[in-house]
Amino acid sequence: LDIEYPRDRLLYMMQDSRAQLLLTHTSALQQLPIPEGLDSLAIDCTETWVDYSDDAPDVKLDGDNLAYVIYTSGSTGMPKGVAVSHGPLVAHIIATGERYETSPSDCELHFMSFAFDGSHEGWMHPLINGASVLIRDDSLWLPEYTYEQMHRHHVTMAVFPPVYLQQLAEHAERDGNPPKVRVYCFGGDAVAQASYDLAWRALKPTYLFNGYGPTETVVTPLLWKARKGDPCGAVYAPIGTLLGNRSGYVLDSQLNLQPIGVAGELYLGGEGVARGYLERPALTAER
């Protein structure tokens, strides 16, 4: 839950998900519209949990068990909970680390709100590969401050919206001493060729990535990996190739496969898709 969201949205998400426990901080308890009957635990208030058992619970999991529920933007009404299982999530995280070539020497800057699925990729894939994670606090990080922190903490991987990454590159071009970041990834919007060229010129990474994917397909089912000298090839950067054991097809309105170069609608499947919409079987079947 992002505490900056409207109160009615937060209340709806807690009720709709049938949450059993709210983990939070004391400072947030007065700001959150906690539904009646929902237990809460402030992790910074030790006296409330110091007597709890520290024995690991006996929990048996398999790939079909629920890992998380992320709510969509709700642009056409109330937000919908997208339920993702452990199996597709683990497969995606492993494939992401392989595509990024993540190693124990890496440090990823965790920049996004935890309310987005991409933010969880941003801490999971570094940690399972032995890398470290620098987590941004809740304050507003201007590009100049981000640039300074990336230098200070030896960040090697970072994901930003295209507009923010362009601002960071503009600052780097003025400064002339970019952080030694080997991987930058654009995410969340189309990447203009001018922004792509500027990132190479000013930030001097080893790779530039462009990720694409709706919440229903587990973060980024498509990921473009560009090396220095690779052309953008169009007005906007491509969205890349399928990540992991996924399938993708460009179809027309009659679900016929389109020839290469002909526009259509992208259909994604395989093991890297969500379980479905929470408590919405009809909508899940439709999609």
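The values are calculated or read from the model by the stated rules, or taken from the named source; none is laboratory data. Predicted model, so just to flag it, every value in this text is computed and none were measured. All Cβ positions, glycine included, derive from the backbone under ideal geometry; neighbour counts span all protein chains shown.
Brief remarks on what is shown
- From 214, 238, 221, residue being within 23 Å of residue 82 (Cβ to Cβ), surrounded by fewer than 18 Cβ atoms within 10 Å (Cβ to Cβ) and not β-branched (Val, Ile, Thr): 214
- Qualifying residue in the range 255-269 (condition: over 21 Å from the mean Cα position of the chain (by Cα), among the polar types (S, T, N, Q) and farther than 18 Å from residue 184 by Cβ): yes
- Single residue of the range 241-265 satisfying the filter (part of a loop (DSSP other than H, G, I, E, B) and in contact with a Ser or Thr (Cβ under 9 Å, 6 or more places away or on another chain)) that is surrounded by the most Cβ atoms within 10 Å (Cβ to Cβ): 243
- Pair list, Cβ under 9 Å, 6 or more apart: the range 143-171 residue more than 14 Å from residue 185 (Cα to Cα), other residue among the hydroxyl-bearing types (Ser, Thr, Tyr) and part of a helix (DSSP H, G or I): 143/164; 146/164; 171/146; 171/147
- Verdict on residue 96 being touching a His at 6+ places or on another chain (Cβ under 6 Å), touching a residue at least 40 places away in the same chain (Cβ under 8 Å) and surrounded by 11 or more Cβ atoms within 10 Å (Cβ to Cβ): yes
- Listed by position, the helices (runs of 4 or more DSSP H) inside the range 64-182 whose residues that are more than 18 Å from residue 218 (Cβ to Cβ) number at least 3 are 143-152, 162-175.
- Residue-level analysis places residue 194 outside the set of residues that are in the same structural domain as residue 113 (by TED's automatic domain parsing), surrounded by 22 or more Cβ atoms within 10 Å (Cβ to Cβ) and either in contact with a Pro (Cβ under 9 Å, 6 or more places away or on another chain) or assigned to a helix (DSSP H, G or I) (or both).
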